[in-house]
Amino acid sequence: MLELISEHACFDGVQRFYHHPSAAIGLSMRFSVFLPPQALTGKVPALFYLAGLTCTEETFMAKAGAQRVAAQLGMMLITPDTSPREANLPGETHSWDMGVGAGFYVDATEAPWDRHYRMYSYILELYELVVREFPVRPDRIGIAGHSMGGHGALVLALRNPDRFKTVSAFAPVCAPSQSPWGIKAFSAYLGDKQESWQQYDASALMERRTTPFPGGILIDQGLSDKFLPDQLYPQVFEAACQKAQQPLELRRHAGYDHGYYFISTFVEDHLRFHYRKLNGDVN
């Protein structure tokens, strides 16, 4: 049962926060939705945004400043939480990059994580809930994300192009099989089978495809991002896109770091990118 937690008037639309029982997770989950004013009279395009490590369903909505542009464009925004919050598993709060706030958008296969940490399936479950309960155009839904969420957005788009028609990311973890963050999470959640890791590695997935998104993929990366040298590996994804003949706009920005000042600077570009592509502009 979908239950409204709170709602707030915002740029003539409404910002809402919900929780609901999740079959994929086996627990209650939270998510947020911004309904632009156009959604009051008809169905609109939508963008899922997956947040990064330590974030919640509120982080993007409170910090990115995206609602102003979404209201102008008539685009719905949906942001899920980044992990289960009621699992109470041993060790899930011991570190900031594993467990609570760090679901990595994978379906865990290793105990004890496999009991509830199934964030990949949860995003697909939430997709179906949104299509069923909100005034969205199912043929015009895109996905974006930041850092861990950028990894999730790329993976979910590459594996589900029938659902997510467009994809972009801010400072994504592009090759988690090579990243300390990814290696730590994948080892715990997925075990030591590398073939399982490859199903959640955007660079590995891209190498096995040919032009999955002809309209292009947009990635923004700050060059003063302290995680760039050791965690993110955009150059690996760039090489995979070249091999796959996938158009990629990878924009590198001097002076910008990994946080929401960076995201808020370029979020309008991402919303307009998705809006154009979802409405048939391939340029």
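The values are calculated or read from the model by the stated rules, or taken from the named source; none is laboratory data. Please read all numbers here as calculations on a predicted model, not as lab measurements. Neighbour counts run over all protein chains shown; Cβ positions are idealised from the backbone, glycine included. Heavy atoms of the whole protein, side chains included, go into the accessibility calculation; ligands, DNA and RNA do not. Shrake-Rupley method; radii C 1.70, N 1.55, O 1.52, S 1.80 Å.
Where the accessible area of the chain is counted over protein heavy atoms with a 1.4 Å probe, how much of it, in %, is carbon and sulfur? Carbon plus sulfur share of accessible area: 50 percent. Looking at segment 81-227 alone, DSSP beta bridges between its own residues are antiparallel in about 25 percent of cases.
Sorting 96, 197 on solvent-accessible area from highest to lowest, probe radius 1.4 Å, gives 96, 197.
For the pair residue 194 and residue 58, the difference between a 0.36 nm per residue extended length and the Cα-Cα distance amounts to 45.6 nm.
DSSP bridge analysis restricted to segment 16-85 gives an antiparallel fraction near 75%, rounded to the nearest 5. For the residue pairs 43/277; 43/165; 165/226; 63/226; 193/226, alpha carbon separations beyond 26 Å are given by 165/226; 193/226. Size check on the chain: the Cα extents along the three principal axes, sorted descending, read 50, 43, 35 Å. Restricting attention to the chain, close to 50% of DSSP beta bridges with both partner residues there are antiparallel. Our coupling estimate for segment 147-164, obtained by passing each phi through the Karplus curve with A = 6.51, B = -1.76, C = 1.60 and θ = phi - 60°, is 6, 3, x, x, 4, x, 5, 4, 5, 5, 5, 5, 8, 9, x, 6, 9, 9 Hz, Gly and Pro reported as x. What is segment 203-283 by shape, rounded, prolate or oblate, if you read a ≥ b ≥ c off the alpha carbon gyration tensor as root eigenvalues and call it rounded for a/c under 1.5, prolate for a/b larger than b/c, and oblate otherwise? Note, shape of segment 203-283 comes out oblate. Using 0.36 nm per residue and subtracting the Cα-Cα separation, the extra length available between residue 276 and residue 211 on full extension is 21.5 nm. Rolled with a 1.4 Å probe across the full set of protein chains, the surface gives residue 159 an accessible area near 70 Å². Would you work out if segment 60-177 is rounded, prolate or oblate? Take a ≥ b ≥ c from the square roots of the eigenvalues of the alpha-carbon gyration tensor; rounded if a/c is under 1.5, else prolate when a/b is larger than b/c, oblate otherwise. The shape class here is prolate. Above 17 angstrom, tally the Cα pairs of segment 1-48 and express them as a % of all pairs, no decimals. Tail fraction, whole percent: 44.
Close amide-amide hydrogen proximity is noted between residue 44 and 136, 137, each under 5 Å apart and 5 or more residues distant or on a separate chain (H modeled in the peptide plane; Pro and chain starts excluded).
Springs join every pair of Cα atoms under 10 Å in this Gaussian network model of the chain, and among 16, 68, 140 the largest mean-square fluctuation is at 68. Here's the picture: charge each Lys and Arg Cβ at +1 and each Asp and Glu Cβ at -1 in the chain, and of 55, 157, 124 the one pushed furthest to the positive end of that dipole is 157. Rolling a 1.4 Å probe across the protein heavy atoms gives segment 1-52 an accessible surface of 44 Å² per residue.
When you count the other C-beta atoms within 10 angstrom of each residue and take the mean per peptide, 1-12, 143-154, 214-225 line up highest first as 143-154, 214-225, 1-12. Work out the P(r) tail for segment 1-129: percent of alpha carbon pairs separated by more than 17 Å, whole number. Counting every Cα pair in segment 1-129, those more than 17 Å apart make up 57 percent. Computed on the Cα atoms alone, the convex hull of segment 119-187 gives a volume of 82 cubic angstrom per residue.
Overall, the ratio between the Cα radius of gyration of segment 139-241 and 2.2 N^0.38 Å, rounded to two decimals, is 1.01. Figure note: 192, 162 ranked by solvent-accessible area, largest first, 1.4 Å probe, ligands and nucleic acids not counted: 192, 162. Placing unit charges on each Cβ (+1 for Lys and Arg, -1 for Asp and Glu) gives segment 107-200 a dipole about its Cα centre, and among 198, 147, 186 the Cα reaching farthest toward its positive end belongs to 147. Accessible surface for segment 177-248, divided over its residues, is 45 Å² per residue with a 1.4 Å probe.
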